[in-house]
Structures are given as C-alpha cells and as structure tokens.
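The values are calculated or read from the model by the stated rules, or taken from the named source; none is laboratory data. Since this is a predicted model, take the numbers as computed values, not measurements. All Cβ positions, glycine included, derive from the backbone under ideal geometry; neighbour counts span all protein chains shown. Note: areas computed on protein heavy atoms with side chains; ligands, DNA, RNA excluded. Shrake-Rupley method; radii C 1.70, N 1.55, O 1.52, S 1.80 Å.
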Amino acid sequence: MPALLPIAGGSYAHQAYATRTQELAPELNARDISQLLHGYSTLGVTPGVPVLDMVGFRATHLLTLGDFEPQGISMLLTACAELRYSNHQLMTSSAQALLGRLPDFTPQGVSQSLRAYAKLGCLSHRVLTACLDQFQRTAAQYQAQELCGVLWSLAQARYQSP
C-alpha cells in the first residue's frame, strides 16, 4: 500500500494518487480534469496546491480552447469549491467559458456554478447578472434545490436587486 500524504485539515491521501496526478496533468482532457477533481473532492482530500496548480493550468488552457462542455464546467467549479482551490486565471477562464456556453447549461449547472463561485468568493457581477438573466428565461425549469442554490449564491454575494 502506498504511503499516506498528510493534507491540511487532518485528512490523508495516498502519495501515489498525487504523484500520478502530477505526471498525468499535461495530458488530461477536459472530462478527465472535471472527473479527477470531482473524485478528490468526493473523497474529501486534496493532492496539494502544487498538483492542483498543474491541473488548474491545464484546465485554464482547455477552457480557453473551448474544450469543456457545460456539465464539465460546473463539475470543475464545484470540485474547486469543495477543494477550496482557485486561482485568478482559472476563475477568469471558467467564467469566460461559462458565459460563452450559458444557454446550454441546465438549471442544475447554473445553480452549481453560481454556488461554486460564491463559495470561492469569485462571483463576478458579469457572471451573476448573466446567470440571473438565464434564470429569468428558464425559471419554470428550476426545481426547489436549484432555486435554493441560486438564492444562496445571491445571499453570499450580498446581491441587491436593482
């Protein structure tokens, strides 16, 4: 069994996972990144900031190329929020990707993305207003949990209706 790597907050992850993630980072595709970070967040462990930075750099590149599907963008953001990981380039690239694909997002994707940005303290006015416009156009499609996510995000952002 691989040695355990201590992680901030008292959790532990296998060193082998972090090492292999670092080795694979330059080759990961958009889906790989979303699922990998989702896996780490589901386990409640982080491979460490240097590894997350490598994966984040790759994600930024792929977001810029338009390789992420809407579900992948929301999964990426949700995982980053759970891992408490953000960097300016990644959040900027993900916001641009989200804005470009927003009509293709499901209500769940909009809600989860808003929650993630709000949890990370990275919810820009531009993303917020675009998501609210999208919500107004598709409000009848939102279930209670998705509506709660939007409202929670507004509260976290201290949004005041114009």
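In this structure, is Gln89 touching a helix residue (DSSP H, G or I) at 6+ places or on another chain (Cβ under 6 Å), closer than 18 Å to Arg126 by Cβ and either among the acidic types (Asp, Glu) or surrounded by fewer than 17 Cβ atoms within 10 Å (Cβ to Cβ) (or both)? Yes, satisfied.
Within region 63-74, identify whether any single residue is more than 29 Å from Pro107 (Cβ to Cβ) and in contact (Cβ under 8 Å) with a residue 12 or more places away in the chain, and answer yes or no.
No: zero hits.
Which of the residues that make up region 9-21 are in a helix (DSSP H, G or I) and surrounded by fewer than 16 Cβ atoms within 10 Å (Cβ to Cβ)?
To start, the set of residues in region 9-21 that are in a helix (DSSP H, G or I) comprises 9-10, 15-21.
Gly9, Gly10, Gln15, Ala16, Thr19, Arg20 - these are the residues of region 9-21 that are in a helix (DSSP H, G or I) and surrounded by fewer than 16 Cβ atoms within 10 Å (Cβ to Cβ).
Among the residues of region 33-45, which ones are among the hydrophobic types (A, V, I, L, M, F, W, C), open to solvent by less than 30 Å² (accessible area, probe 1.4 Å) and assigned to a helix (DSSP H, G or I)? Matches in region 33-45: Ile33, Leu37. Looking at region 23-31, is at least one residue at pLDDT 95 or above and of a type in the set (D, E, K, R)? There is at least one residue in region 23-31 that is at pLDDT 95 or above and of a type in the set (D, E, K, R).
Among the residues of region 131-156 satisfying the criterion of being within 17 Å of the chain's Cα centre (by Cα) and not polar (S, T, N, Q), which is surrounded by the fewest Cβ atoms within 10 Å (Cβ to Cβ)?
Quick first cut of region 131-156, residues within 17 Å of the chain's Cα centre (by Cα) only: 131, 146, 149-150, 152-153, 156.
When the remaining residues are screened for being not polar (S, T, N, Q), the result is 131, 146, 149-150, 152.
Numbers: Cys131: 24, Glu146: 20, Gly149: 22, Val150: 21, Trp152: 15.
Once the filter is applied, the top-ranked residue is Trp152.
To keep it simple, each residue is scored yes or no on (1) open to solvent by less than 40 Å² (accessible area, probe 1.4 Å); (2) touching a helix residue (DSSP H, G or I) at 6+ places or on another chain (Cβ under 7 Å); (3) among the charged types (D, E, K, R).
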| site | (1), (2), (3) |
| --- | --- |
| Leu28 | yes, yes, no |
| Arg31 | no, yes, yes |
| Pro47 | yes, yes, no |
| Met54 | no, yes, no |
| Phe68 | yes, yes, no |
| Ser74 | yes, yes, no |
| Cys80 | yes, yes, no |
